[in-house]
Amino acid sequence: MKWYEKLYIGKTAEKKKEVLIRGLEDGKRIPGLWVIALPEGESNQLELIPSWNLKFWRRSADSSRIVGIACSKEEAYELLLEITRDVLRGMGAADFRSWFLKQDGFR
């Protein structure tokens with residue numbers, strides 16, 4: 001998994017950020033946790049995935065690019081709004097994929 005260096009984190013998830021990231025990397029199912037990621041294909045901009053479904057979603061751990069994590073679906077929607085504002089401010093258009101890839105901030 002590749003993590004966006006300026007990872008968007010929900011308020012609840014912020015308190016246990018390191019534990020959640022480690023759990024996801026270890027393939028654990030974390031109830032209630034949602035991940036915002038760049039899709040592998042180019043037809044979609046972002047994908048909102050429940051963590052329990054992450055192992056089915058990613059085809060390759062090396063190609064997974066995570067840009068946000070949240071402890072509820074509602075919190076994930078709030079992050080999507082924040083991401084949208086940042087991308088619109090930075091690019092003038094809602095081209096999420098280009099924005100994140102242009103940043104090249106994945107580790």
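The values are calculated or read from the model by the stated rules, or taken from the named source; none is laboratory data. Quantities reported herein were computed from a predicted structural model and do not represent experimental measurements. Cβ atoms come from the backbone with ideal geometry, glycine included; neighbour counts cover every protein chain shown.
If you go through the range 82-103 and keep only what is in a helix (DSSP H, G or I) and either hydroxyl-bearing (Ser, Thr, Tyr) or over 22 Å from ALA70 (Cα atoms) (or both), you end up with THR84, ARG89, GLY90, MET91, SER98, LYS102. Please determine whether any residue of the range 14-31 is outside any loop (DSSP other than H, G, I, E, B) and more than 20 Å from ARG107 (Cβ to Cβ). Looking through the range 14-31, none of the residues is outside any loop (DSSP other than H, G, I, E, B) and more than 20 Å from ARG107 (Cβ to Cβ). Among the residues examined, SER63 qualifies as modelled with pLDDT under 95 and part of a loop (DSSP other than H, G, I, E, B). Candidates in the range 1-24 are the residues that are closer than 15 Å to GLU75 by Cα and basic (Lys, Arg); of these, the one that is surrounded by the most Cβ atoms within 10 Å (Cβ to Cβ) is LYS16.
Screening PRO39 against (1) modelled with pLDDT of 85 or more; (2) under 12 Å from the mean Cα position of the chain (by Cα) leaves a single unmet condition, (1).
Contact map, the range 43-67: first residue over 16 Å from LYS28 (Cα atoms) and among the charged types (D, E, K, R), second residue modelled with pLDDT under 80 and part of a helix (DSSP H, G or I), Cβ cut-off under 8 Å, separation 6 or more or different chains; pairs are GLU47/TRP57. The residues in the range 71-86 that are in contact (Cβ under 8 Å) with a residue 60 or more places away in the chain and out of contact with any Lys or Arg (no Cβ under 9 Å at 6 or more places or on another chain) can be counted, and the count is 5.
Does GLU40 meet the test of being of a type in the set (D, E, K, R), in contact (Cβ under 8 Å) with a residue 12 or more places away in the chain, surrounded by 13 or more Cβ atoms within 10 Å (Cβ to Cβ) and assigned to a helix (DSSP H, G or I)?
no
Out of ALA94, ALA70, one residue alone is under 14 Å from the mean Cα position of the chain (by Cα) and small (Gly, Ala, Ser). It is ALA70.
Restricting attention to the range 19-49, the residues being farther than 21 Å from ILE83 by Cα and among the acidic types (Asp, Glu) number 2.
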